[in-house]
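What follows draws every value from the coordinates through simple rules; no lab data is involved. Owing to the predicted nature of the structure, the values given are computational and were not obtained by experimental measurement. Counting neighbours? That spans all protein chains shown, and the Cβs are built from the backbone with ideal geometry, glycine included.
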Amino acid sequence: MPAPTTPRLAELRRQFGMRLRDVREGQGLSQEQLGELAEVDRKTINRIENGMYSPRLDNVFQIADALDIPIKELFVLCNTSPSG
């Protein structure tokens, strides 16, 4: 069973997922297409985008490569939490 997630981690996962979705959709890719390009299951992409899953670092590298963007671009997070 996974360890409980703190509110801070849950928010960061949510923001990371939103960023991934924005980039993916901006490139006109479906979750299925990104999964194929990144060699990651579509369900994994879905879970990451919905903040339900913390991706392995290798997955982040594969996703960035598939999107043909620098890895750091996936970490340009919006600041929507009240605690900042």
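Using C-alpha pairs below 8 Å separated by at least 6 residues, the relative contact order for the chain is 34 percent.
Projecting the Cα positions of G35, I71, Y53 onto the charge dipole of the chain (unit charges on Cβ atoms of Lys, Arg, Asp and Glu, taken about the Cα centre) puts Y53 furthest along the positive direction. In this rough spin-label picture, where each label sits 7 Å from Cα along the Cβ direction, the R56-I69 distance is 2.3 nm. Extending 7 Å from the Cα toward the beta-carbon at both Q27 and V76 defines two label points whose distance is 1.4 nm.
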